[in-house]
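Presented below is the structure to which this report refers.
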Amino acid sequence: MPGPSSSPTYETILNELAASLTGPIPLDDLIQDVLARKPSSAKNPRRVVREKLRQTYRSPFIFLDPKTLLPIRLAMQGARFRMPLGRPGAERGQIEISRFDSYLPLHFNREAVRFVDAKGNPIAMPLRSISQKIDTLLGTYEKTIPFADLSTWLQPQKVTRHDDLLVTVLDWQNGVFQLEIEPHKKRNPTLIQARDRLLADLLYAILEEAHDERIWIHEALPVAYARLPDKAGCPPHHWQIVLQKDGRFRFDDRQIEYADGRLSPIEYIFLEQTGQPLPRRLQPVTKAQEKLVYRFKAALKPNPHIWRQVEILGGQTLADLNAMLVDAFNHEFDHMAGFWKLVPRQGARTRYREVELGSVDPLGEGDGADVRIAAIGLKEGEQLKYVFDFGDWIEHTLTLEAIYPAEEGVSYPREVARNKPRYFDCVTCRENGQKTIALWSCITCSSEHGRDLYYCDDCIAREHEDHYVVEIIY
């Protein structure tokens, strides 16, 4: 049998290179170093290495920008954070060890974590655990909370529950942290608040840059600390404390999302258990806003030349807007509809995230029916996504063109303008030398012939009774 391959794996090479670096490295240089150690016969070897680097679950690098990388150990070296001692810490020396997980390599063994004091002396930290009963909608369960017992180190310092534990990452790879106590009387609340805000802004920017609408904390936190000015200066709070106070985020131990993103029932339960605020998608509406007119241009997607201009009051609802749009586009009334707010995301290209506002059923009811237009918080130029019929998925983009006072004696909502129609001729009538406006598209015939085929009322009824047809929107 042939012996094992002597060629090192990409993972081994990347780890060796990460261990040897003392600062950032251009992407092209790193790829060149990898290929020098592991030549590839692939059609595009540089692309292979790039893909390995982007598999961040196993990569020892982070991307500072699309063309520059930094070993995670350097990004986290010297990273600092603070945690309030609270009663468990001050009275019993109990510090939750799980709080350190996100400042360590993924799946790091907690028993290998080591604490030292400001002089580098080891701190005794036996690991223990306590049980706590948690009440949920699904019943009561017992949760085991592991903690490091720092009582031997803390008690001689006469700490109080108002003091902070300051933590510095000395060795990310090997799990070594330096601990200090900051008495509450020496704290600078203004500076700490500014540092917390800066860390929150950095994490939000990383979330905005992400391909998806979520980021993994083991990837995002090193990037945030690599971008944090004066990393060795005044430490911000632990990232979970920072995000909990900020309000723009929803998170758990592994990932961060937008606070106003869609929630599953289980996520609602989790937020209630952890004390995080529920997403606030709507704003309070004043009496003055109720009387303002919101003018939308509703364009059919992917045919934006088909549009309707509608006016609706700020105090009216998505159910009112849906009824107006169904009438304006001549949609069948017996289908569900949904609305989403399109929020621009930061970045080099235009991208949006979709904040669900709710759905409206044919009877004008549903979880979005009572949402008032002014409560959505739209500004001029901002957009909504509107989908009618979740089966056929007829999508529209609603752009808010203007907000202005209502006219006396006018009934709202109303249609105020529409596109000039571009009519299609009926295929059958045209073949017979007649010119008749087509009102239907036969999907069955169009699929068979590989082109769009349109027909008038009479021809559809006579020749396409058993076919799948949809009404043309002009």
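A few notes on this one:
- One residue from Glu356, Glu395 being in contact with a Lys or Arg (Cβ under 6 Å, 6 or more places away or on another chain) and farther than 25 Å from Tyr474 by Cα: Glu356
- In region 190-203, the residue that is nearest to the chain's Cα centre (by Cα) out of those that are buried (at least 19 other Cβ atoms within 10 Å of the Cβ) and either farther than 15 Å from Phe63 by Cβ or touching a residue at least 60 places away in the same chain (Cβ under 8 Å) (or both) is Leu203.
- Answer residue from region 369-383, given it is charged (D, E, K, R) and surrounded by fewer than 18 Cβ atoms within 10 Å (Cβ to Cβ) and is nearest to Leu321 (Cα to Cα) among those: Asp370
- When residues of region 168-189 are limited to those that are touching a Leu at 6+ places or on another chain (Cβ under 7 Å) and of a type in the set (Val, Ile, Thr), the one surrounded by the fewest Cβ atoms within 10 Å (Cβ to Cβ): Val176
- Scanning region 54-69 for residues that are farther than 9 Å from Ala18 by Cβ, in contact (Cβ under 8 Å) with a residue 12 or more places away in the chain and either of a type in the set (Phe, Trp, Tyr) or surrounded by fewer than 20 Cβ atoms within 10 Å (Cβ to Cβ) (or both) yields Thr56, Tyr57, Arg58, Phe63, Leu64, Pro66, Lys67, Thr68.
- Selected residue [surrounded by fewer than 16 Cβ atoms within 10 Å (Cβ to Cβ) and within 28 Å of the chain's Cα centre (by Cα)] from Ser102, Ser98, Ser129: Ser98
- Pairs with Cβ under 6 Å, 6+ apart, first in region 113-132 and touching a residue at least 60 places away in the same chain (Cβ under 8 Å), second loosely packed, with under 12 Cβ neighbours inside 10 Å: Val116/Pro122
- Filter result (in contact with a strand residue (DSSP E or B) (Cβ under 7 Å, 6 or more places away or on another chain) and of a type in the set (Asp, Glu)) within region 126-180: Glu142, Asp149, Asp163, Asp164, Glu180
- Residue in region 164-180 that is assigned to a strand (DSSP E or B), out of contact with any His (no Cβ under 7 Å at 6 or more places or on another chain) and closer than 21 Å to Phe251 by Cα present: no
- In region 268-316, residue modelled with the highest pLDDT [restricted to those that are out of contact with any helix residue (DSSP H, G or I) (no Cβ under 7 Å at 6 or more places or on another chain) and among the acidic types (Asp, Glu)]: Glu311
- Tyr454 vs. criteria touching a Ser or Thr at 6+ places or on another chain (Cβ under 8 Å), of a type in the set (Ser, Thr, Tyr) and modelled with pLDDT of 90 or more: yes
- Among the strands (runs of 3 or more DSSP E) confined to region 20-119, the ones with at least 3 residues that are in the same structural domain as Ile217 (by the TED database) are located at 80-84, 94-96, 114-116.
- Considering residues of region 452-474 that are outside any loop (DSSP other than H, G, I, E, B) and β-branched (Val, Ile, Thr) only, the residue surrounded by the fewest Cβ atoms within 10 Å (Cβ to Cβ): Val470
The values are calculated or read from the model by the stated rules, or taken from the named source; none is laboratory data. Keep in mind the model is a prediction, meaning the values are calculated, not measured. All Cβ positions, even for glycine, are placed from backbone atoms using ideal geometry, and neighbour counts span all protein chains on display.
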